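Nothing in this text is a laboratory measurement; each read-out follows from the coordinates by a stated rule. What you see is a predicted model, and the numbers here were worked out from it, not measured in a lab. So basically every Cβ, Gly included, is an ideal-geometry build from the backbone, and we count neighbours across all protein chains shown.
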Amino acid sequence: NGVDLNRDFPDPKIGANSPYEIETEAFMNYAMSRNFVFSANFHGGIELANFPWDAWNSSDNPHPDHNWFYTVSRQYADQAQANSPSGYFTGLNNGVTQGGDWYVISGGRQDYMNYWHSCKEITIEVSDIKNPASAELPNFWNYNKEALLSYIEWLYTGIQGTVTNEQGDPLNATIAIDGHDQYNSHVVTNPNTGFYVRMIEPETYNVMYSAEGYIGQVHTIAVSSYTSFVPKDVVLVQAAQTSLSGVVTDSNTGYPINGVKVELQNSSTISPVYTNALGEYSFGSIPENIYQVKASMQGYLSQTVTQTLTGESNTINFGLVPSNAESFEAGVPEGFVFEGVNWVRDNSTAYDGDYSMRSGSISNNQTTSMEITLNVVSSDDIVFFYKVSSESGYDYLKFYIDDVEKASWSGEVDWTEVSFPVPSGVHTFRWSYEKDGSLSNGSDCAWVDNIIFPQTQSDVVFEVTTNGSPLEGAIVNFNQNSKITNAQGIANFSNVLRGTSKEYSVAKDGFETETGTVSVLYVDVTEVVPLVISSVINADWNVEQLSMWPNPFTDNLNIRFYLSSASNVTVEVYTITGQKVATAANGYMHKGEHQVEWKAFNGDVPLVPGVYLVQIKTNEGQQTARVIFSGK
């Protein structure tokens, strides 16, 4: 299919990198079925030993075990040179290179094994010729044999042993070096045997041993040389159960925050929980351990606390700092549009929270962009974070305001903050990833996160209805202003500043008052508010002595009332949601007592058992009362 399999694996920078070729899937399944701790893959085209990372160069992001990898690779190159003709295995820096320092790629197998399987792996390039003649293979074996055997012997160095429980059962444990390991450079045990191998450069380390459901341990271990062998068996004690609860509040107001995600980041088996309306969260029964507890929500800066949880119960309260930054935690907000290939939410890297926006996957001479048009209230700055992994000097992330390029970035750039001035008025902001005519390096994409826009304004339209029809004359209170709906049930509020959970109320005589909130972000908002007929009886008018029987009723309903003055009278029946069922009476009535008999099954709407509203309208007002239909 024309796919380079050494660009087809999951990648520590770009994530899954799917779909995969069947050969790639076959190897991935094989790796998943085993517990490899040390490996190599072989190529042709140059003669050298290439070590991680391929996805980054060493100046941007060296592997935590960079020095160890270099030493292992240097030994391989030296031994290959010693057992071969002059000039063999001398590519680049005399036969050794860090992958990204040669050239950055994504989807390589050695990064896949190191990052996704905690397996130390390098790439060995054995021939300048991609496909040497088969008659040459014995020579290449002789050149590399001693180097290969010595490479295998590294397995007998470093810290190694077993991790078991008190009963001697092997554990699926993680062994991590405090202050050293990152980007999955830790190692894990073989869960079937509890055995682990941690090859590492000489130093004294604080080694952390952990397993789900067990109390972690930290041991100080000295490794005196690259070839030292340090045996270390560890027995972990099963953790007692504990609990964790707390309250999450707004640090500015002190009010509780509903819907905050609280997660134990270093646990793969305990699901996140969310705060309730009182800002409360709770993890019921969890093993005692050291946890990284993270609270996050759109509109706030996330917060992480590392704490040892022991005993019967533990409490961690969070005060989240509000942020008007757009960090795409809840999705891609309405108003963002894409050109070319769509940008996507990406949880493999983010400046804040869990998600950022990543440029779409494109080919040479193509462009993928994300843009939004906003009405800026007053002059201010737009601020955002960006990250780039591209062919330096050729493939760029560019930022435009109103089609004017403001800046561009290429190469390997980690999360960086920038800001640009923006005058008041309507402006279009565009982030564009643009490729030249050939070659690709790195992840070949860009990311944007945590965008702080200048204050903007939008229009908010309230559509007030009853029983699906427009309701005229309703009073809408919103944004420190009041407006009355027109004949179409519309009340329009212009130039509303951006903000979340803005409160409103809608009221009209004879109807229940509705309250709620509306969030105004990047586009105009239409809020539909249905009103239902009020069930509150008001006595300040000309209907007196209202009574209805039988109540509950099964067939006919008698409605008796006294008019203190002559009037036009309409008697109507509605469902509890405001749908009109029937008109029981409609006409002019004199002062005095009146009785209306309504035959329930002569209405326009079939009745079902439940609560109904009888509304009496006169020239001076209206009155509503509840009745119950119990069924025929």
Amide H within-cut-off set for Ser228, under 5 Å, with H built and near neighbours excluded: Gly158
DSSP bridge pairs, the chain: antiparallel proportion in percent, nearest 5: 85 percent
Region 278-430, dipole about Cα centre (Lys/Arg Cβ +1, Asp/Glu Cβ -1), debye to the nearest 20: 60 debye
Global form of region 460-604, assessed from the alpha-carbon gyration tensor, a/c cut-off 1.5: prolate
For Ile533, net neighbour charge (Lys/Arg +1, Asp/Glu -1) across residues whose Cβ lies under 13 Å away: 0
Which labelled figure in (1) 29.5; (2) 31.9; (3) 40.3 is mean projected area of the Cα convex hull in nm², once derived from the coordinates: (3)
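On full extension of the chain, what length is gained from Glu597 through Gln457, given 0.36 nm per residue of separation minus the C-alpha to C-alpha distance? Mind dumping the intermediate values first?
Numbers: separation 140, 0.36 × 140 = 50.40 nm, distance 5.52 nm.
Full-extension gain reported as 44.9 nm.
First check a/c for region 209-364, with a ≥ b ≥ c the square roots of the eigenvalues of its C-alpha gyration tensor; if it is under 1.5, answer rounded, and if not, answer prolate when a/b is larger than b/c or oblate otherwise.
oblate
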Glu136 paired with Ala277, simple spin-label distance in nm, labels 7 Å along Cα-to-beta-carbon: 7.6 nm
Amide hydrogen neighbours beyond the local backbone of Lys502, cut-off 5 Å, H modeled: Val518, Ser519, Val520
Using θ = phi - 60° and Karplus 6.51 cos²θ - 1.76 cosθ + 1.60, couplings along region 511-519 (whole Hz; Gly, Pro as x): 10, 5, 6, 10, 10, x, 10, 9, 9
Signed unit charges on C-beta, dipole axis of the chain, positive-most listed residue Leu92, Ile490, Asn364: Ile490
Interchain or long-range residues, amide H under 5 Å from Val96's placed H: Ala49
Prolate/oblate/rounded label for region 337-452 (Cα gyration tensor, a/c 1.5): prolate
